[in-house]
Structure formats: C-alpha cells, structure tokens
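Below: the structure, in structure tokens.
The values are calculated or read from the model by the stated rules, or taken from the named source; none is laboratory data. None of these values were measured; they are calculated from a predicted model. Positions of Cβ are generated from backbone atoms using ideal geometry, with glycine treated the same way; all protein chains shown enter the neighbour counts.
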Amino acid sequence: MRYQTTIERTGPNTAGIPVPDEVLTALGGGRRPAVTVFLNGYTYRSTVGSMGGRSLIPLSSAHRTAAGVEGGETLDVEIEFDAAPRTVVAPEDLAAALVAEPAALATFERLSNSDKSWHVLQVEGAKAPETRARRIAKSVAMLSEGRAR
C-alpha cells in the first residue's frame with residue numbers, strides 16, 4: 001500500500017506515521033499488524049499501533065535519521081503486511097552468559113521479543129567493555145530470578 005501522509009510529531013522526541021483506515025483494512029486489520037515500511041529509500045520493520053484512537057507506525061529518531069525525514073514533513077510512504085517471524089538474537093557474550101546459567105536461559109527463551117530486545121539493547125548500548133560486562137551480569141541475574149526486566 002502506497003499513500004501520502006504527514007509525519008506526526010507525537011511528543012518532543014517522538015514521531016509516527018499515520019495509517020489511514022482503508023490502508024489498515026487492506027493490511028488485514030487486526031490490533032497490531034506487523035508491517036515493513038518503505039520510507040524515502042529506507043526500509044524497516046514495525047507494527048501499527050494505536051495512539052489516541054488513531055493508527056500510527058512508530059518512527060524512532062534512528063529511523064528518521066536513516067530515512068532523512070523529520071516530523072511535520074509530508075511524503076510518500078509504502079507499507080506492506082509482514083508475516084515473517086520476529087526473532088531476537090543475543091550477542092555472543094550475552095548468549096554465552098545465558099548458556100552458563102540454565103535458569104537465566106530458560107527465562108530468556110520464554111520472554112516476548114520485546115523483553116528479549118530490552119536485554120539485548122541494554123548490552124549492545126554499552127560503550128565501555130566494563131559497562132557491557134556489568135549489564136550482562138545484571139541481565140543474567142534478573143533472568144535467573146525469573147524476572148523479565
């Protein structure tokens with residue numbers, strides 16, 4: 001589905017791509033259909049969410065930068081239903097720490113992709129090796145206790 005829309009500023013640092021009702025219906029409707037977004041030559045995967053009764057696709061600052069767009073800009077957007085399974089892959093050092101602690105690994109494997117991503121992004125966001133190691137240890141400890149976050 002290709003349509004023209006204006007990128008909405010949804011907060012001081014957040015934005016979303018409005019999805020018209022007819023586009024949502026063509027995607028198969030549903031509460032949160034998974035989609036692939038083609039924006040200004042840039043592609044990313046997301047879901048259609050609801051905010052204030054309107055259907056929007058989140059557009060993070062990283063995606064805005066990569067697509068070269070800003071909130072308030074009007075442009076062509078193409079989206080398509082994305083049936084590919086969502087997977088989260090732990091970086092090698094986190095994966096090794098999880099394998100070494102079976103209770104943590106069991107909890108991690110039961111988590112939603114969103115919760116798995118939280119742990120992965122915490123580790124990958126560390127700049128210093130010491131911080132990365134500390135975050136891995138924290139994740140393993142939380143997961144060993146059966147806590148997602």
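In the set (1) acidic (Asp, Glu); (2) touching a residue at least 60 places away in the same chain (Cβ under 8 Å); (3) closer than 23 Å to Leu27 by Cβ, the condition left unmet by Glu70 is number (3). Checked against (1) at pLDDT 95 or above; (2) out of contact with any Phe, Trp or Tyr (no Cβ under 8 Å at 6 or more places or on another chain), His119 passes all but a single condition, namely (2). Within segment 61-74, the residues that satisfy the criterion of being surrounded by 14 or more Cβ atoms within 10 Å (Cβ to Cβ) and not charged (D, E, K, R) are His63, Ala66, Ala67, Val69, Gly71.
Residue by residue, here is whether (1) among the aliphatic types (A, V, I, L, M); (2) touching a helix residue (DSSP H, G or I) at 6+ places or on another chain (Cβ under 6 Å) holds:
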residue: Pro58; (1), (2): no, no
residue: Asp76; (1), (2): no, no
residue: Ile79; (1), (2): yes, no
residue: Arg86; (1), (2): no, yes
residue: Glu101; (1), (2): no, yes
residue: Ser112; (1), (2): no, no
residue: Trp118; (1), (2): no, no
